1. Can you spot a residue in segment 214-237 that is under 22 Å from Thr162 (Cα atoms), assigned to a strand (DSSP E or B) and modelled with pLDDT under 95?
2. Return the residue satisfying two criteria in turn: it lies in segment 57-112 and is over 19 Å from Gln45 (Cα atoms), of a type outside the set (A, V, I, L, M, F, W, C) and modelled with pLDDT of 80 or more, and of such residues it is surrounded by the most Cβ atoms within 10 Å (Cβ to Cβ).
3. Working only within segment 238-266, note down all residues that are in a helix (DSSP H, G or I) and hydrophobic (A, V, I, L, M, F, W, C).
4. Would you be able to say whether some residue in segment 74-97 is in a helix (DSSP H, G or I) and of a type in the set (Ser, Thr, Tyr)?
5. Might you let me know whether segment 275-283 holds any residue that is under 20 Å from Tyr342 (Cα atoms) and at pLDDT below 95?
6. So if I check each of Cys360, Cys407, which one is free of Cβ contacts under 8 Å to residues at least 12 places away in the same chain and open to solvent by less than 50 Å² (accessible area, probe 1.4 Å)?
7. Just give me the residues in segment 137-151 being surrounded by 14 or more Cβ atoms within 10 Å (Cβ to Cβ) and either of a type in the set (S, T, N, Q) or outside any helix (DSSP H, G or I) (or both), in sequence order.
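The values are calculated or read from the model by the stated rules, or taken from the named source; none is laboratory data. Quick caveat: nothing in here was measured; it's all calculated off a predicted structure. Glycine gets a Cβ as well: all are built from the backbone with ideal geometry, and neighbour counts include every protein chain shown. Side chains are part of the model used for accessible areas, which takes the heavy atoms of the whole protein and leaves out ligands, DNA and RNA. Shrake-Rupley method; radii C 1.70, N 1.55, O 1.52, S 1.80 Å.
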Amino acid sequence: MLDIKAVRQDPQRIADALSARGYHFDVAQFSALDARRKQADIDSQNLLAERKSASKKIGALVGQGMSVDDAKAQVNATLEKIAAQLEALTDEARQAQGALEDLLLGVPNVPLSEVPPGSSEADNVEVLRWGEPRQFAFEVKDHVELGEGLQLLDGDMAGKITGSRFTVMYGSLARLHRALIQFMLDLHIQEHGYAEIYVPYIVNRESLLGTGNLPKFEADLFKLRADQDLYLIPTAEVPVTNIARDRIFEDAELGEHGIRFACHTPCFRSEAGSYGRDTRGMIRQHQFEKVELVQFVRPQQSLQALERLVGHAETVLQRLELPYRKVILCGGDLGFSSQKTYDLEVWLPAQDTYREISSCSSFGDYQARRMQARWRNPETGKPELLHTLNGSGLAVGRTLVAIMENCQREDGSIAVPEALQPYMGGASELRG
């Protein structure tokens, strides 16, 4: 969440910065709530001073001729009245503070100044393209036609078992899916210095609040039971980032480039509001796999760390020889908690376009403030908020789709990229 001190200092500046992402920050509402809290605090302090003064009046009243019992009774009556007023003011301050916190929990992160203006993905700015899309001498099939033709992909069976937006994979296609996961993990751990981590696939409400998924995006989540605040994870970002919740890391623990975790998990999303979009095949599913990259870094390292993080995700696409482009998201397309994001979009021949396969973001101290994730600055000896980052390295299902479509042959078979063949027992193609 945003730093309330910074918001108090210049709420209009915050509102202007948030307008770059199409978000209206209600300055009047914030100021009214903050003034209400402040006034309750002032009134409480005045009453405390009055209570202290009243408790000393017994002697003065006796000196004026009042009996000790009457003096005590009068002072006690005053103290009881003050106590009731204090209780009401304390409750008022608590309610105002709670309303302020609820307001700020629903406010997205402020974009960095270098984030381009814009209202939608059409305004994202391309940074580079890598690889040339293949020119086919035959009619291109999409991944569903290819998978069904090889009898390796079955959406109908998944629909029978569960419902729409699920998939069953068989044989060599299921193995290729698993090979991709292992390849990505090995690459990031062995070459990029990430530590592998295994986490629960179920998280509590506090964890989702910490990463910014709640309260705003509850409709996108799968809640397990109405009487429990437990949810299936939408991405490994949630449990892995919460490793830092309520912790203070010593500077030495961060090492040279911060703490880096690589984690493979299934991901579960309700895809609320996306009805009719990408319903065919594996592009947009309720259950899919990702290898997620999460970093905790010192504040001064976060922007450089983001560039490295994107490079780590790009390496996967380059090793698999999949054409892609890199874009920087405009303000209107930024994720809720992000202050700057790069998307990697892989070329899909059947759609004749680039589609997102990885989103790499820097969150500044936005998530860390929600989680109270801190490090001890050796220069001051005091705890300070960490900066957090994450990105997909990559989304496994979409990578599989990209391989199937880019590596298809005229006879319907699919070539296995050379980088994956060691994970496939040396197999160089998929056939039915």
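1. For segment 214-237, residues under 22 Å from Thr162 (Cα atoms), assigned to a strand (DSSP E or B) and modelled with pLDDT under 95: present.
2. The residue in question is Asn109.
3. Result: Val238, Val240, Ile243, Ala244, Ala252, Leu254.
4. Residues of segment 74-97 in a helix (DSSP H, G or I): 74-97.
Imposing the further condition that a residue be of a type in the set (Ser, Thr, Tyr) reduces the set to 78, 90.
Yes - at least one qualifying residue is present in segment 74-97.
5. Scanning segment 275-283, I find at least one residue that is under 20 Å from Tyr342 (Cα atoms) and at pLDDT below 95, so the answer is yes.
6. Selected residue: Cys407, the only one of Cys360, Cys407 that is free of Cβ contacts under 8 Å to residues at least 12 places away in the same chain and open to solvent by less than 50 Å² (accessible area, probe 1.4 Å).
7. Within segment 137-151, Val140, Lys141, Asp142, Leu150 qualify.
This table checks each residue for (1) open to solvent by 30 Å² or more (accessible area, probe 1.4 Å); (2) within 29 Å of Ala262 (Cα to Cα); (3) part of a loop (DSSP other than H, G, I, E, B).
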residue: Pro133; (1), (2), (3): yes, no, yes
residue: Ser172; (1), (2), (3): yes, yes, no
residue: Arg175; (1), (2), (3): yes, yes, no
residue: Phe183; (1), (2), (3): no, yes, no
